[in-house]
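Undergrad: Dumping the structure here so I can ask a few things about it.
The values are calculated or read from the model by the stated rules, or taken from the named source; none is laboratory data. These numbers were taken from a predicted model, which means no experiment stands behind them. No Cβ is skipped: glycine too gets one built from the backbone with ideal geometry, and neighbour counts run over all protein chains shown.
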């Protein structure tokens with residue numbers, strides 16, 4: 001979870017980037033959720049990646065959540081956006097092992113993982129390969145000068161079984 005009380009972006013910006021497919025991610029798919037905040041506004045959440053995938057992301061209006069729970073105004077709470085990453089299975093284990101080796105650097109590790117796996121980009125009509133598009137400014141400012149973190153996830157080896165007839169089959 002990355003807390004941002006001085007937001008580098010709005011949830012609406014993230015939503016528009018997703019709708020225009022102006023992002024690169026190792027997680028497939030995205031969807032949005034809106035809930036009524038008051039008579040004039042909604043609280044927005046953007047999800048990137050399937051809920052059951054190894055890595056998924058949530059961006060949401062934490063300020064509006066706090067206002068609703070504690071009966072405060074947006075002026076009292078201030079602007080507050082939250083970024084969450086959810087790791088599962090092998091990716092969660094690999095991240096935990098990395099954190100075990102570098103326990104005082106959780107924020108740096110989280111930003112490094114985010115930098116390696118999700119990027120919002122500026123479209124370039126002259127370039128068909130999206131990976132060559134420039135990273136949009138709000139995302140660069142949000143990540144800062146972080147070192148990219150590539151998780152070392154072990155590959156699962158599926159053993160072959162020999163059958164009595166001499167053929168081999170995946171176990």
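Undergrad: Determine whether residue 149 is surrounded by 13 or more Cβ atoms within 10 Å (Cβ to Cβ), touching a residue at least 24 places away in the same chain (Cβ under 8 Å) and over 28 Å from residue 16 (Cβ atoms).
TA: no
Undergrad: Where in the range 18-93 are there strands (runs of 3 or more DSSP E), lying fully within it, with 1 or more residues that are farther than 29 Å from residue 116 by Cα and out of contact with any helix residue (DSSP H, G or I) (no Cβ under 6 Å at 6 or more places or on another chain)?
TA: In the range 18-93, 30-36, 42-48 are the strands (runs of 3 or more DSSP E) which contain 1 or more residues that are farther than 29 Å from residue 116 by Cα and out of contact with any helix residue (DSSP H, G or I) (no Cβ under 6 Å at 6 or more places or on another chain).
Undergrad: Determine whether residue 100 is within 15 Å of the chain's Cα centre (by Cα), closer than 29 Å to residue 153 by Cα, modelled with pLDDT of 85 or more and not in a strand (DSSP E or B).
TA: Criteria not met by residue 100.
Undergrad: Additional query: Since residue 21 meets every condition but one in (1) surrounded by fewer than 13 Cβ atoms within 10 Å (Cβ to Cβ); (2) within 13 Å of the chain's Cα centre (by Cα), which condition does it not meet?
TA: (2)
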